[in-house]
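To keep things clear, I will list the structure first and then write my remarks on it.
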Amino acid sequence: AVRQALAGFEGDVEQVPPVYSAVKIDGRRAYHLARTGRPVELAARVVRIDRATLIDYAPPRLTVEIECGSGTYVRSVGRDLGERLGVGAVMSRLLRTGVGPFTRENAVSLESVHKSTVSEHLLPLQAAVPDLPTWACDAAAENEILHGRVIARPFPGDASPADAAEFALLA
């Protein structure tokens, strides 16, 4: 029953965010409204769950591994799984094993990082946005940007797609 219920979570699914979330309602965070004691109703949104696998089941506890897209509330998956099974659920542990290109296997423990070696463990900022086009700006443009000024569109001619609304700046 648990495996069958989990299979129903895979793919593009509608999910209602928790009332204690940062989702905005009329310009205010849902958690602010929830803390006032007022009822908070959030609309369902489509999220992507690529994989939901049962790892261990020792009633009443189960361990599930979920691979999902950004914006998915994993605690809400636990809530919804309990509802689907008709038993309710409380999540007692959540371990994030990766975000985009950053995985637990590639992580460095805090104990292994020292002031003298921290630079050895740093990744280029571009690693956080590998899908964005890049632009290496000159010193003058960098100075303008650092002072909050608007600069001319950096992509001349065919240097980048004409519709590139976002890009990574290499200074």
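The values are calculated or read from the model by the stated rules, or taken from the named source; none is laboratory data. Keep in mind that what you see is a predicted model, and the values were worked out from it rather than measured. So basically every Cβ, Gly included, is an ideal-geometry build from the backbone, and we count neighbours across all protein chains shown. To get the accessible areas, we keep the full protein, side chains included, count just its heavy atoms, and leave off ligands, DNA and RNA. Shrake-Rupley method; radii C 1.70, N 1.55, O 1.52, S 1.80 Å.
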Practice problem: Sort out which residues of the stretch 49-65 are open to solvent by 100 Å² or more (accessible area, probe 1.4 Å) and either in contact (Cβ under 8 Å) with a residue 40 or more places away in the chain or under 22 Å from the mean Cα position of the chain (by Cα) (or both), and write them in order of number. | Solution: Y57
Quiz item: Before we move on, is T103 closer than 30 Å to L62 by Cα, among the β-branched types (V, I, T) and in contact with a Lys or Arg (Cβ under 7 Å, 6 or more places away or on another chain)?
Solution: no
Quiz item: Within the bounds of the stretch 1-11, is there any residue that is over 16 Å from the mean Cα position of the chain (by Cα), modelled with pLDDT of 95 or more, closer than 28 Å to R104 by Cα and in a strand (DSSP E or B)?
Solution: yes
Quiz prompt | Criterion: in contact with a helix residue (DSSP H, G or I) (Cβ under 9 Å, 6 or more places away or on another chain) and closer than 22 Å to I55 by Cα - qualifying residue of G98, G82 | solution = G98
Exercise. Go through the stretch 97-135 residue by residue and tally those that are open to solvent by less than 70 Å² (accessible area, probe 1.4 Å) and either in contact (Cβ under 8 Å) with a residue 40 or more places away in the chain or in a strand (DSSP E or B) (or both).
Key: 4
Practice problem: Could you tell me whether the stretch 40-48 includes any residue that is out of contact with any strand residue (DSSP E or B) (no Cβ under 6 Å at 6 or more places or on another chain), over 22 Å from V99 (Cβ atoms), touching a residue at least 12 places away in the same chain (Cβ under 8 Å) and exposed (fewer than 10 other Cβ atoms within 10 Å of the Cβ)? | Solution: yes
Exercise. Could you tell me which numbered condition L169 fails, if it satisfies all but one of (1) at pLDDT 90 or above; (2) in a strand (DSSP E or B); (3) of a type in the set (A, V, I, L, M)?
Key: (1)
Quiz item: Among the residues of the stretch 17-30, which ones are open to solvent by less than 80 Å² (accessible area, probe 1.4 Å) and within 29 Å of A5 (Cα to Cα)?
Solution: P17, P18, V19, S21, A22, V23, A30
Quiz item: When the stretch 68-96 is examined, which residues are found to be open to solvent by less than 50 Å² (accessible area, probe 1.4 Å) and among the acidic types (D, E)?
Solution: D80
